[in-house]
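Read through the structure below, which is laid out as structure tokens, and then see the notes.
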Amino acid sequence: MRSEDTRSSTKHIGIIHFKTGDTDGVSLEIDKWTSVFQKRGYKVFLCSGKHGRDDGKAEQSRDDVPVTIIEELDYHGSEAARMQRQTFVALAEGQSEAAYSIQMLEDARIIQQKVEAWIRTRQLDIVIVQNIWSVGLHPAAAIAVEHALCNTKVRVVAQHHDFYWERVQGIQLSCASAIGFTDMFLPPHTDGYTHVVINSLAKNALKTRKGIDAIVIPNVFDFEGNDWVVDSWNVDFRETFKIKASDIVVLQATRVIPRKGIELAIECVAALNRHKSQLIGKTMPNNSVFHAESRIILVLAGYTQDDTTNTYMQRLEAKANAEGVVMLAIGDRITRERTQGAAGKTYSLWDAYVHADIVTYPSYWEGWGNQFLEAVKARLPVVLFAYPVYLADIAPMGYQVISLGSAVASWSNEHLARIENTVLETAAASMIEVLVDRQKRESMVESNYSIAKKHSSLKALESHLEPILASWS
């Protein structure tokens with residue numbers, strides 16, 4: 001918030017989220033919005049609880065974008081996790097509702113002071129709130145940011161990627177105060193705020209549940225940029241993870257959390273293994289010949305820290321072992337940008353796509369689909385469970401995917417999703433086809449690339465943002 005005597009023609013935009021600089025969908029989308037703002041000549045400042053995977057200092061820099069770290073914004077912190085649980089699950093044993101409310105407001109007050117200091121220090125004109133007012137992982141932060149923005153009177157854009165009521169495991173608001181906090185702050189009803197959602201289902205739900213109108217701006221990707229290729233940094237990717245040139249890499253690039261349906265990716269690989277004989281002697285997409293000793297490997301490139309159950313990875317490992325599937329978790333070696341540090345070399349998420357043969361995207365709930373667009377950018381076939389937003393907003397564009405259907409047939413005792421065996425077998429046959437039939441594969445991936453370049457590029461994001469940008473002039 002700048003006083004008139006210090007105001008210049010260059011707008012200062014602040015973007016605030018729980019975390020920045022990582023490979024999760026919101027962090028990646030922040031990068032894309034930032035690039036559009038910078039192209040328009042705006043100065044962008046980030047604020048988050050954590051930047052990347054490292055324990056941050058109070059001030060960092062993401063390229064030429066300063067990052068202010070407020071540790072209390074990180075929803076992985078013990079206090080944030082405790083208050084989230086007491087809001088959406090149950091109060092602690094013996095805890096009174098009054099004690100819960102007092103603690104919530106005290107936590108919010110601490111964060112509010114630091115957010116206000118960030119706004120004033122950076123002399124912000126506009127603040128873009130990313131998911132803090134929707135996902136409900138840190139209710140105190142939602143309250144704090146709203147109070148800070150009201151006090152500083154800056155312009156506000158709220159982008160909502162996921163809403164708390166969309167949680168697959170469900171919610172149960174713990175008390176009247178919890179109901180009040182979520183109604184008032186998730187998201188706030190303050191006049192003058194511009195609300196943005198990433199799909200039409202969310203737009204309808206926000207209007208029905210909260211009476212708030214929102215603009216739909218879907219996820220996008222840079223389809224004008226250079227293709228990802230094998231280069232001097234990633235040429236050793238397969239060697240590093242002991243993957244042979246003749247092995248098939250089935251890439252699961254998402255975070256490892258339950259709603260990503262990664263158990264269905266395991267089933268896909270298990271089905272491929274059952275039909276392995278159809279692959280032997282065939283030339284794979286990387287021009288290596290698959291032979292009897294070659295493996296089909298499910299590579300998990302995402303991180304596990306956001307799994308609130310703390311059991312999902314263990315359940316996946318047990319399933320993979322039972323199914324005889326080779327599953328390789330490399331998320332600790334995949335970062336937003338390539339790094340070389342004391343802990344060794346890391347690869348970017350894009351390096352993983354370069355060495356993949358096919359991508360699985362079996363999520364049964366997504367706000368939109370960043371990893372879907374990444375696979376399209378990488379010109380890789382996608383094995384996809386048709387989650388509701390895909391059916392409503394993405395499928396009508398005409399994408400070609402290998403379908404896992406749109407219905408979970410049952411749930412195992414370990415609460416892992418299952419689909420009908422006939423659907424799985426059909427998907428496995430299609431996976432084999434795009435692995436061995438180069439013409440079929442190229443037709444599919446090039447068609448998808450053309451569709452995405454038209455509808456989901458950074459140019460498309462600029463056109464979506466244009467009305468908002470025009471209002472700032």
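Per-residue HN-Hα couplings for the stretch 433-440, Karplus 6.51 cos²θ - 1.76 cosθ + 1.60 at θ = phi - 60°, whole Hz, x for Gly and Pro?
Result, ordered by residue: 4, 6, 7, 9, 9, 4, 5, 4 Hz.
Would the stretch 277-369 count as rounded, prolate or oblate if I go by the C-alpha gyration tensor, calling it rounded below 1.5 in a/c and otherwise prolate when a/b exceeds b/c, oblate otherwise?
The shape class here is oblate.
Which length gain, in nm to one decimal place, applies between Asn226 and Glu79 when the Cα-Cα distance is subtracted from 0.36 nm times their residue separation?
48.7 nm
At a 1.4 Å probe radius, carbon and sulfur cover how many percent of the accessible area of the chain?
Ligands and nucleic acids excluded, carbon and sulfur give 51 percent.
Quick one: Karplus J couplings for the stretch 259-265, per residue in order, coefficients 6.51, -1.76, 1.60, θ = phi - 60°, nearest Hz, x for Gly and Pro?
Calculated HN-Hα couplings, in order: 5, 6, x, 5, 4, 6, 5 Hz.
Multiply the residue separation of Gln340 and Ile171 by 0.36 nm, subtract the distance between their alpha-carbon atoms, and state the gained length in nm to one decimal.
The Gln340-Ile171 span can extend by a further 56.7 nm.
Run the simple label-point estimate for Ile110 and Trp233 please: 7 Å along Cα→C-beta, distance reported in nm.
3.7 nm
Under 5 Å between amide H atoms, partner at least 5 residues away or on a different chain: which partners does Val156 have, H built in plane at 1.01 Å?
Result for Val156 returns Val127, Thr194.
Using only the Cα atoms, what convex hull volume per residue in Å³ does the stretch 96-167 have?
Considering the Cα atoms of the stretch 96-167, their hull volume per residue is 83 Å³.
Give me the tail of P(r) for the chain as a percent: Cα-Cα pairs with distance above 36 Å.
30 percent
Can you flag which of Lys39/Lys454; Lys260/Lys440; Lys50/Lys345; Lys242/Lys345; Lys153/Lys203; Lys32/Lys260 are past 18 Å Cα-Cα?
Flagged as over cut-off: Lys39/Lys454; Lys260/Lys440; Lys50/Lys345; Lys153/Lys203; Lys32/Lys260.
Cα atoms only: what Rg and Dmax, in Å, come out for the stretch 191-334?
20.1, 65
Quick one: which of 313-323, 40-50, 248-258 comes out on top by average Cβ neighbours within 10 Å, and what's the full order, highest first?
248-258, 40-50, 313-323
In square angstrom, what is the accessible area per residue of the stretch 362-431 with a 1.4 angstrom probe?
Per-residue accessible area for the stretch 362-431 comes out at 35 Å².
Could you size up the charge dipole of the chain around its Cα centre, putting +1 on the beta carbon of Lys and Arg and -1 on that of Asp and Glu, and report it in debye to the nearest 20?
Result for the chain is approximately 540 debye, rounded to the nearest 20.
Can you list residues from other chains, or at least 5 along the same chain, whose modelled amide H is less than 5 Å from the amide H of Ala329?
Leu300
Please list 220-232, 395-407 highest first by mean number of surrounding beta-carbon atoms within 10 Å per residue.
Peptide ranking by packing, descending: 395-407, 220-232.
Using the heavy atoms of the protein chains alone and a 1.4 angstrom probe, what is the accessible area of the stretch 150-196 per residue in square angstrom?
44 Å²
Can you give me the pair-distance distribution of the stretch 356-456, C-alpha pairs, 10 Å bins, whole percents?
Per 10 Å bin, starting at 0, the Cα pair percentages come out as 15, 48, 31, 6, 0.
Using a basic spin-label model with each label point 7 Å from the Cα along Cα→Cβ, how many nm lie between Trp472 and Leu328?
If labels sit at Trp472 and Leu328, their model points lie 4.2 nm apart.
Would you mind checking which residues have amide H under 5 Å from Glu420's amide H? H placed 1.01 Å from N; only 5 or more apart, or other chain.
Correct list: Ala409.
Among Ile296, Gln314, His275, whose Cα projects farthest towards the positive end of the dipole of the stretch 274-316, with charges put on the beta-carbon of Lys, Arg (+1) and Asp, Glu (-1)?
It is His275.
Could you sort Met83, Met327 by accessible area so the largest value comes first, with the probe set to 1.4 Å?
In descending accessible area the options line up as Met327, Met83.
Once you put a point 7 Å from the Cα of His291 and another 7 Å from the Cα of Ser277, both along the Cβ direction, what distance in nm separates them?
2.0 nm
The values are calculated or read from the model by the stated rules, or taken from the named source; none is laboratory data. Just so we're clear, the structure is a prediction, and the values are computed from it rather than from any experiment. Cβ: placed from backbone, ideal geometry, glycine included. Neighbour counts: every protein chain shown. For accessibility, only protein heavy atoms count, side chains too; no ligands or nucleic acids. Shrake-Rupley method; radii C 1.70, N 1.55, O 1.52, S 1.80 Å.
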